[in-house]
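Colleague: Dumping the structure here so I can ask a few things about it.
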Amino acid sequence: MLKSLLIANRGEIACRVIRTARRMGIRTVAVYSDADAKALHVRQADEAVHIGPSPARESYLVGEKIIAAAKQTGAEAIHPGYGFLSENADFAQAVIDAGLIWVGPKPASIRAMGLKDAAKKLMQDAGVPTTPGYLGENQDPDHLKAEADAIGYPVLIKAVAGGGGKGMRRVEASDDFLDALASCQREAASAFGDDRVLIEKYILSPRHIEVQVFGDAHGNVVHLFERDCSLQRRHQKVIEEAPAPGMDAATREAVCAAAVRAAKAVDYEGAGTIEFIADASEGLRADRIWFMEMNTRLQVEHPVTEEITGQDLVEWQLRVASGEPLPKRQDELSINGWAMEARLYAEDPVKGFLPSVGRLEIFREHRDVRLETGVYEGAEITGFYDPMIAKIVVHADDREAACEALAGACCSTDIFPVKTNAPFLWRALDDEDFRAGRIDTGFIAAKGDALLPPSEPSEDMVKQAAAAVLVQEYYGAPTTLSFWDDDLLSQPQPNPWRGALGFRLNREPNRKVSVAVEGQVYETELPDDWASKPIVGEPVASGVAVNDDGLSFLAALPRFSGATVGAAADGAILSPMPGRVIAVAVGAGESVAKGQKLLTIEAMKMEHTLTAPFDGVVSELDASEGAQVSEGALLARIEKDSE
Ligand code: ADP
């Protein structure tokens, strides 16, 4: 068995590999870029080597630096994870040439599966069904068009060197073919330096079915059943599960056997995935499932296979790389229950899924799920790498229970202030068609806005936010309070908000409260029984973070004098919300006394007065009457009287 291992990757997959290696008593070496100096994988490894600046091109993608790091630390083997250099045959060869063990397939196997047309030909020869289409050498546009006409529209033009969804064009009709071809060739030439294409029949109601395979150096190959990864957003997988809904035993047998033939055809060693596309217009049928491509590495979604088979695929990889035979024979493997994985991304579904970067002030996991992550509370999500925060993995007796568990976990994962796709994930998991297994790769696009969370907080959320803010205010930061304390009602209340808000505990019926949610002020009335409900909110520096089904909001008191929002300790007078300056009561250079009125801001038809936090001089005045100001804008600065 290996004694030491360098992991040529970062994030959750580096952590995942380290976990198994440690359990097996293998010494681990991490590599990291500038941005990852404090990353979780660096903390978890026994040793870590800095390999360069933050951009992956200058660190994680530089093979020589990684090999040098292995040499320097005496690591025996290199595990590439997924992405980065994992499917780079030249790197695999360089690792071997350096006298190290490559935890992956032989470079020749990677090369054989590297080009789409060559791989498809190889598969046809091995008796693996491939998508109907044209793979020929003749790249003359008129010839290609004649082939497309013969296949029948719609067709898909694919760059033979393509990957990552690039270099593909769907063509609806013969007349559009030549234009689409020219544009696909241009993209392929610039992205891959190879403008050759192949043509495939465009599969309607396509489902993405893939089979986990494993080979060893002794000629054994087994499969570990299928996964369904049909839930995709712009060709990127979002939710994966195993087994595939609606897969009967005979179809499974056929597709898994085809996958094993595919792996044997390239003399495969280690973990690999054979991806198929299925025409699911009439359910899953063995004669309508075709080979699409092989991924010659461990897949992001491997945990769902681990959950249903009870195997640790990283352990399998390390054993195979050490020269051991596969840990199990085919007849020792079986499917147990149902597993599902959701990819939690730092992106804002309300804003077109734009990446959302920043510090994870709050990151609380949901208990009872398997969470694969490379970050921790307090860590930074940067724009340098894939914005995945975590994979949430569940395992249950059946699909219904797995959906339920995963939806619940997506709703209750607390993350702030980084926005995540959690509210989108749970809407997908809660969808009636998804629950019934009526899924294909067009599911998310077809559902459209129905899967998006509202951009405004719901009325219930505003009430919840108001209650959370009041409780927080009463106890004072940074008290964590998840349930309302009955005793509160009988305690003396030294808190300042009562007067400010016109909210008086125990004095019916005035329960009107104003609360700022994400800088917008809402007026709400708390229900009579609000005090007996659980209050879910987490104190943060600027207020309370409230989780609304996976969507986090910042709630704060719209209070404009005093310490919290209006005036920072350094005398900076910031706008607590977007609004308009309607009065400026002081001039630059003027002396002011504590509590003196400085400016008035109007927002949501309410006027708010900002006052001086202490005696001093108006050293800066950036606000003028009538100006529109955004939240946090500097309006004025008060310099404290010196003495
Ligand atoms: P890439 O290598 O760029 O990821 P793939 O060949 O793996 O490209 O295809 C990516 C995705 O495109 C698939 O997951 C599937 O959703 C869709 N796709 C691929 N081939 C077809 C086809 N013939 N018909 C319909 N959809 C397809």
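Colleague: Considering only helices (runs of 4 or more DSSP H) fully contained in segment 59-141, which possess at least 2 residues that are outside the structural domain of Gly152 (by TED's automatic domain parsing), under 22 Å from Cys15 (Cβ atoms) and open to solvent by less than 50 Å² (accessible area, probe 1.4 Å)?
Modeller: Working: elements: 63-73, 89-97, 107-112, 116-125.
Those helices (runs of 4 or more DSSP H) span 63-73, 89-97.
Colleague: Further, regarding this structure: Looking for whichever is under 20 Å from Ile274 (Cα atoms) and within 15 Å of the ligand (Cβ to nearest atom) here; the options are Gly165, Gly104. Which one fits?
Modeller: Gly165
Colleague: Taking the options Ile362, Ile389, name whichever one is closer than 24 Å to Gly83 by Cα, of a type outside the set (Gly, Ala, Ser) and open to solvent by less than 20 Å² (accessible area, probe 1.4 Å). So that I can check it myself, show each step before the final result.
Modeller: Values: Ile362 fails: closer than 24 Å to Gly83 by Cα.
The conditions single out Ile389.
Colleague: Still on this structure: If you take the residues in segment 200-222 that are over 19 Å from Ala280 (Cα atoms) and either polar (S, T, N, Q) or buried (at least 24 other Cβ atoms within 10 Å of the Cβ) (or both), which one is farthest from the ligand (Cβ to nearest atom)?
Modeller: Asn220
Colleague: Could I ask something else about it? Taking segment 279-319, which residues are assigned to a strand (DSSP E or B) and within 16 Å of the ligand (Cβ to nearest atom)?
Modeller: Residues satisfying the conditions are Asp279, Ser281, Ile289, Trp290, Phe291, Met292, Glu293, Met294, Asn295.
Colleague: All but one of (1) within 25 Å of Ile110 (Cα to Cα); (2) surrounded by fewer than 19 Cβ atoms within 10 Å (Cβ to Cβ); (3) modelled with pLDDT of 95 or more hold for Gly163, so report the exception by its number.
Modeller: Of (1) within 25 Å of Ile110 (Cα to Cα); (2) surrounded by fewer than 19 Cβ atoms within 10 Å (Cβ to Cβ); (3) modelled with pLDDT of 95 or more, only one is false for Gly163: (3).
Colleague: Restricting to segment 307-338, name every residue that is touching a helix residue (DSSP H, G or I) at 6+ places or on another chain (Cβ under 9 Å) and either assigned by TED's automatic domain parsing to the domain that holds Ile96 or without any contact (Cβ under 8 Å) to a residue 12 or more places away in the chain (or both).
Modeller: none
Colleague: Given the condition free of Cβ contacts under 8 Å to residues at least 24 places away in the same chain, open to solvent by less than 40 Å² (accessible area, probe 1.4 Å) and either of a type in the set (Val, Ile, Thr) or assigned to a helix (DSSP H, G or I) (or both), answer yes or no: does some residue in segment 6-20 qualify?
Modeller: no
Colleague: Could I ask something else about it? So, in segment 437-457, exactly how many residues are open to solvent by less than 60 Å² (accessible area, probe 1.4 Å) and without any contact (Cβ under 8 Å) to a residue 12 or more places away in the chain?
Modeller: Residues meeting the conditions: 1.
Colleague: So, Thr413, is that one surrounded by fewer than 23 Cβ atoms within 10 Å (Cβ to Cβ) and among the hydroxyl-bearing types (Ser, Thr, Tyr) or not?
Modeller: Against the criterion (surrounded by fewer than 23 Cβ atoms within 10 Å (Cβ to Cβ) and among the hydroxyl-bearing types (Ser, Thr, Tyr)), Thr413 does not qualify.
Colleague: Tally time: how many residues in segment 168-199 are within 8 Å of the ligand (Cβ to nearest atom) and not aliphatic (A, V, I, L, M)?
Modeller: Residues that pass the stated criteria total 1.
Colleague: Give just the number: which of (1) modelled with pLDDT of 90 or more; (2) closer than 25 Å to Ala516 by Cα does Val586 not satisfy?
Modeller: In the conditions (1) modelled with pLDDT of 90 or more; (2) closer than 25 Å to Ala516 by Cα, Val586 misses (2) alone.
Colleague: Would you check which residues across segment 535-566 are part of a loop (DSSP other than H, G, I, E, B), of a type outside the set (D, E, K, R) and modelled with pLDDT of 65 or more and list them?
Modeller: Within segment 535-566, Ile535, Val536, Ala541, Ser542, Gly550, Leu557, Pro558 qualify.
Colleague: If I ask for residues that are of a type outside the set (Gly, Ala, Ser), out of contact with any Ser or Thr (no Cβ under 9 Å at 6 or more places or on another chain) and more than 14 Å from the ligand (Cβ to nearest atom), which ones from segment 114-138 would you list?
Modeller: Once the filter is applied, which keeps residues that are of a type outside the set (Gly, Ala, Ser), out of contact with any Ser or Thr (no Cβ under 9 Å at 6 or more places or on another chain) and more than 14 Å from the ligand (Cβ to nearest atom), segment 114-138 yields Leu122, Asp125, Val128, Glu137, Asn138.
Colleague: Right, another one. Does Lys158 meet the test of being among the basic types (Lys, Arg), farther than 29 Å from Ile444 by Cβ and either modelled with pLDDT of 95 or more or crowded, with 19+ Cβ neighbours inside 10 Å (or both)?
Modeller: In short, no.
Colleague: Out of the residues in segment 142-155 that are open to solvent by less than 30 Å² (accessible area, probe 1.4 Å) and on the phi < 0 side of the Ramachandran plot, which is farthest from the ligand (Cβ to nearest atom)?
Modeller: Leu144
The values are calculated or read from the model by the stated rules, or taken from the named source; none is laboratory data. These numbers were taken from a predicted model, which means no experiment stands behind them. Ideal geometry is used to build each Cβ from the backbone, glycine not excepted, and the neighbour counts take in all protein chains shown. Note: accessible area is taken over every heavy atom of the protein model, side chains too, but ligands, DNA and RNA are not part of it. Shrake-Rupley method; radii C 1.70, N 1.55, O 1.52, S 1.80 Å.
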